[in-house]
Amino acid sequence: MDDAAVREVSRLAGVANDWVDANGKPQRVAIGSLRAILAALGFPCATDDDCMASRARLTGANRSLSMPPLVTATVGEPIRLSSGDAARQCNSTIVYEDGDRADITLQAADDKIVVPSIDRPGYHRLRFGDHELTLAVAPRRCVTVNDIAPNERLWGLAVQLYGLRRAGDGGIGDTTALQALAKSAARYGADAIALSPTHSLFAADPSRYGPYSPSSRLFLNPLFADPADAFGAQRVAAAMAATEDRGQADHSALIDWPAAARGKYALLGRLFADFVMHDLEQTAPTALAAAFNAFVRDGGDRLREHALFEAAHQKWFGVEKVWNWSDWPPDWRDPASQIVTQYASTESRAVAYQVFLQWIADRSFAAAQAGARRDGMRIGMIADLAIGMDRGGSHAWARQKDLLLGLSIGAPPDLLGPRGQDWGLTGFSPQALVANGYEPFLATLRAAMRHAGGVRIDHVMGLTRLWLIPHGAAPTDGAYLSYPIDDLLRLIALESHRHGAVVIGEDLGTVPGDFRGRMSEAGIAGMDVLWFTRDKRRFLPPAAWRPDAVAMTSTHDLPTVAGWWKGADIDTREALGLTPDATTQRKQRGDERALLWRSFKRAAVAKGNPPTPDQPDAAVDSAVRFVAQSASHLALIPIEDVLGLTEQPNLPGTIDEHPNWRRRLDAPASTVLDTPAARPRLEALRERGR
């Protein structure tokens, strides 16, 4: 069989034959890996005939999509439309988003139709001949921190929402605790609270609590909601008093997710029954019922599909113990099947309950963002958009053609993962995005920005390429699939302006050479993390950090400053058998501590000799002051570093071996920042704002 033919089909499908590893060494994808990936993409190359047929489909698909349903453009620039049958001139009509109309003349050039530049951003309709399509005309850049606060240096906290604490929260941090923290942080001058993903997980299986493996990125985790935002404290208290399962005790240091979730869902279930009886079933619907019905109308098919999946998942996993929808009976795998339609009708109350949960969550997150802005934060909440979705989740079930269900997103071998990584997630099909006018991507962006002043895009390199691995293969057997980055960047910029939201891209790991420049041009902030902002000789001085990147001491996946200084991360990995040579790592850490302390002293944020590993407080103070001095327009400090905590929220490479995504802060959210250790760090951040 002709390997060259396989590589040609790969190129046409957007699968890279070659790539450069983290050490700058060129690599070539094996033919066997390419065949497996192409088969999963729907372009088999098992035989020469397969290759010929797949090649014909790809080249034919390119012609058939010469006039896609949506074309992106930039304000003030002519728009070139692909068209093999372009006339020399053509009259057309633009219907602007606000209803205004204008007649324009299209020109033909190099077998392309050229649309004159458009001076107003928005989603407009272009009509000519038998064609009609959407023109998504975007500003040149996203809203940036510098747009919000010109020539100022803002700061905020990075927080695990579940870890916040307030009386009566049932064992899981919620949006009311988040509002209390935001009010407290705003008094110290904070302008933002960055959260880990709050996407919908699996209500039927609260043991799946990893925030980066969502069922759907379009909806929220109702366990983070406070129903008092809809019903008021008195009505919730009455429901709580009548609820037998009160959930986990509030004082626990670690969350028992299944136990806490049982209590929270028991409360929400009682509130739903009360809501149906006293609001929805009244002859004259109440204001709450009207608000709920409006939410249902606005949510449309996607809300209905998600609620239907959640109800069906409760049946199949909660009762039948069959977790993944791909293992359900064939008719149940098809959302449009007769049996699923019948289930939606006969179990309409179960489906309505899942809609109710989303309504409660939506109101709570709206209240949290409104409260942060009311307390003076200029950004407020920064949502986190996970890179993909669980293949067993609601998006994968409801919109199977949106996704690459035969492939997993991961990362090639690099310094952090020498064997590569398989994250077990699925993502969008680039061909489906184009064919569907980017509707799945737009719906995801809008959901992330709905109740936030910013969004952090996890593994932002996915805008240009994703490392995809066939099921059952090793991460090293993956390859990069390209994505239409120009279109995606324009859509992000357009939605950023419509929502007034800043955009941050997590650009850690293997990054293409020109990628960070593209992000900067698009107004997407990168991330400068203390541990990586260095060369072989030194940690870079604060003035050398990127102004348009977010400055951070650490992230949820990395050691806290106290943990790093102590070497607690090395101890933990050694205890779990995850590091082959802890002795060498401890020696190297000692050298790095000395190097970091010298950098602190050069920046005048420390003096004297470095503290011993078992006394990290002075190192934490210096690290926060060091990052606070950075040139970055925005600094986001993990609350663990403000408080000087040792343990990090997540230890990559572990599942049950380590209490990932379970740690709670000791003090209530309203007072957690008011400690003698935290105050000088907060004052250093406040001074940054001056």
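Output the residues belonging to region 476-511 that are part of a loop (DSSP other than H, G, I, E, B), among the small types (G, A, S) and touching a Gly at 6+ places or on another chain (Cβ under 8 Å).
First, pick out the residues of region 476-511 that are part of a loop (DSSP other than H, G, I, E, B): 478, 483-484, 500-501, 506-511.
Keeping just the survivors that are among the small types (G, A, S) gives 478, 500-501, 509.
Result: G478, G500, A501.
Exactly one of these conditions fails for R125: (1) free of Cβ contacts under 8 Å to residues at least 40 places away in the same chain; (2) outside any strand (DSSP E or B). Give me its number.
Result: R125 fails condition (2) only.
Can you tell me how many residues within region 451-475 are farther than 30 Å from R363 by Cα, in contact with a Gly (Cβ under 8 Å, 6 or more places away or on another chain) and part of a loop (DSSP other than H, G, I, E, B)?
Number of matching residues: 2.
Residue by residue, here is whether (1) in contact with a strand residue (DSSP E or B) (Cβ under 7 Å, 6 or more places away or on another chain); (2) under 26 Å from G122 (Cα atoms); (3) of a type outside the set (S, T, N, Q) holds:
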{"residue": "V503", "(1), (2), (3)": "yes, yes, yes"}
{"residue": "A544", "(1), (2), (3)": "no, no, yes"}
{"residue": "P547", "(1), (2), (3)": "no, no, yes"}
{"residue": "A551", "(1), (2), (3)": "yes, no, yes"}
{"residue": "S554", "(1), (2), (3)": "yes, no, no"}
{"residue": "T572", "(1), (2), (3)": "no, no, no"}
{"residue": "T584", "(1), (2), (3)": "no, no, no"}
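Test of understanding: among R598, R589, R593, which residue is over 27 Å from N660 (Cβ atoms) and either of a type in the set (S, T, Y) or touching a residue at least 12 places away in the same chain (Cβ under 8 Å) (or both)? Full working, then the answer.
Numbers: R589 fails: over 27 Å from N660 (Cβ atoms); R593 fails: over 27 Å from N660 (Cβ atoms).
When all the criteria are applied, what remains is R598.
For S632, are the conditions met, namely being touching a residue at least 40 places away in the same chain (Cβ under 8 Å) and under 30 Å from G156 (Cα atoms)? First the steps, then the outcome.
Details: touching a residue at least 40 places away in the same chain (Cβ under 8 Å): yes; under 30 Å from G156 (Cα atoms): yes.
Criteria met by S632.
Can you name every one of the helices (runs of 4 or more DSSP H) wholly within region 543-618 that holds 2 or more residues which are under 27 Å from I504 (Cβ atoms) and at pLDDT 95 or above?
Numbers: elements: 561-566, 568-575, 582-602.
Correct list: 561-566, 582-602.
Report whether or not T675 is of a type outside the set (A, V, I, L, M, F, W, C), under 22 Å from L181 (Cα atoms) and part of a loop (DSSP other than H, G, I, E, B). Give the steps one after another, and end with the answer.
Values: of a type outside the set (A, V, I, L, M, F, W, C): yes; under 22 Å from L181 (Cα atoms): yes; part of a loop (DSSP other than H, G, I, E, B): yes.
Criteria met by T675.
Of all residues in region 126-156, count the ones that are crowded, with 24+ Cβ neighbours inside 10 Å and closer than 30 Å to L665 by Cβ.
4
List every residue pair whose Cβ atoms lie under 7 Å apart, where the two residues are 6 or more positions apart in sequence or sit on different chains, the first residue falls within region 281-310 and is outside the structural domain of S345 (by TED's automatic domain parsing), and the second residue, located anywhere, is exposed (fewer than 11 other Cβ atoms within 10 Å of the Cβ) and basic (K, R).
From residues that are outside the structural domain of S345 (by TED's automatic domain parsing), there are no pairs.
Report the residue count in region 293-335 for those that are farther than 22 Å from F275 by Cβ, aliphatic (A, V, I, L, M) and surrounded by 12 or more Cβ atoms within 10 Å (Cβ to Cβ).
Residues meeting the conditions: 2.
Looking at region 1-55, which of its residues are assigned to a strand (DSSP E or B) and either in contact with a Phe, Trp or Tyr (Cβ under 6 Å, 6 or more places away or on another chain) or among the small types (G, A, S) (or both)? Lay out the reasoning, then the answer.
Initially, region 1-55 is screened for residues assigned to a strand (DSSP E or B), giving 15, 18-20, 26-28.
Residues satisfying the conditions are W19, Q27.
Can A238 be described as assigned by TED's automatic domain parsing to the domain that holds H633, among the small types (G, A, S), part of a helix (DSSP H, G or I) and surrounded by fewer than 21 Cβ atoms within 10 Å (Cβ to Cβ)?
Working: assigned by TED's automatic domain parsing to the domain that holds H633: yes; among the small types (G, A, S): yes; part of a helix (DSSP H, G or I): yes; surrounded by fewer than 21 Cβ atoms within 10 Å (Cβ to Cβ): yes.
In short, yes.
The values are calculated or read from the model by the stated rules, or taken from the named source; none is laboratory data. All values derive from a computational prediction rather than experimental measurement. Counting neighbours? That spans all protein chains shown, and the Cβs are built from the backbone with ideal geometry, glycine included.
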